[in-house]
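A short write-up of the structure that comes next.
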């Protein structure tokens, strides 16, 4: 029963994280770019971060928990194992997300570089959708 609850919380958190980035990329970003108004992005981020960052942290914690439960010989880096392959892909996506977030936070946001930040937003949104796809592939028996 605990594992089912963990999976449910993981899915809810993924919905928040991915949905928030889709809304940002498809609604707020085009408006900010057309008006060349960085404050539109800042306003969205100030509201979304209150639920988005905790959702991401929950995703990481529940993801690690499920990785421990579902994998055998995790540190052998065996890409032929269905579960391991998907978990490794998710870890790579997480690393990409963290690197993009750090770059944006320290180099783009302080300088209010909206056009460069737009590429980051697009990439983080794509990565969020890929997270969902990889999770679906893992649970459905494999699309990868």
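The values are calculated or read from the model by the stated rules, or taken from the named source; none is laboratory data. Just so you know, these numbers come straight off a predicted model, no measurement behind them. No Cβ is skipped: glycine too gets one built from the backbone with ideal geometry, and neighbour counts run over all protein chains shown.
Filtered by the rule that a residue be surrounded by 14 or more Cβ atoms within 10 Å (Cβ to Cβ) and over 15 Å from residue 124 (Cα atoms), the stretch 1-36 gives 6, 7, 9, 10, 11, 12, 13, 32, 33. Determine whether the stretch 62-71 contains at least one residue that is touching a helix residue (DSSP H, G or I) at 6+ places or on another chain (Cβ under 9 Å) and modelled with pLDDT of 95 or more. Yes, because at least one residue in the stretch 62-71 is touching a helix residue (DSSP H, G or I) at 6+ places or on another chain (Cβ under 9 Å) and modelled with pLDDT of 95 or more. For the stretch 43-52, the tally of residues that are surrounded by 14 or more Cβ atoms within 10 Å (Cβ to Cβ) and over 19 Å from residue 135 (Cα atoms) stands at 3.
On the stretch given as the stretch 85-101, residues that are touching a residue at least 12 places away in the same chain (Cβ under 8 Å), within 10 Å of the chain's Cα centre (by Cα) and within 13 Å of residue 123 (Cβ to Cβ) total 3.
Within the stretch 79-99, the only residue that satisfies the criterion of being touching a helix residue (DSSP H, G or I) at 6+ places or on another chain (Cβ under 7 Å) and exposed (fewer than 15 other Cβ atoms within 10 Å of the Cβ) is 79.
Within the stretch 68-84, being closer than 22 Å to residue 5 by Cβ and touching a residue at least 12 places away in the same chain (Cβ under 8 Å) holds for 69, 70, 71, 83.
Scan 121, 114 and give me the residue that is surrounded by 14 or more Cβ atoms within 10 Å (Cβ to Cβ), over 19 Å from the mean Cα position of the chain (by Cα), within 23 Å of residue 23 (Cβ to Cβ) and touching a residue at least 60 places away in the same chain (Cβ under 8 Å).
Step by step, each of 121, 114 is checked, and only 114 is surrounded by 14 or more Cβ atoms within 10 Å (Cβ to Cβ), over 19 Å from the mean Cα position of the chain (by Cα), within 23 Å of residue 23 (Cβ to Cβ) and touching a residue at least 60 places away in the same chain (Cβ under 8 Å).
Return the residue satisfying two criteria in turn: it lies in the stretch 47-67 and is touching a residue at least 12 places away in the same chain (Cβ under 8 Å) and within 16 Å of residue 125 (Cβ to Cβ), and of such residues it is farthest from the chain's Cα centre (by Cα). In this case the residue turns out to be 48.
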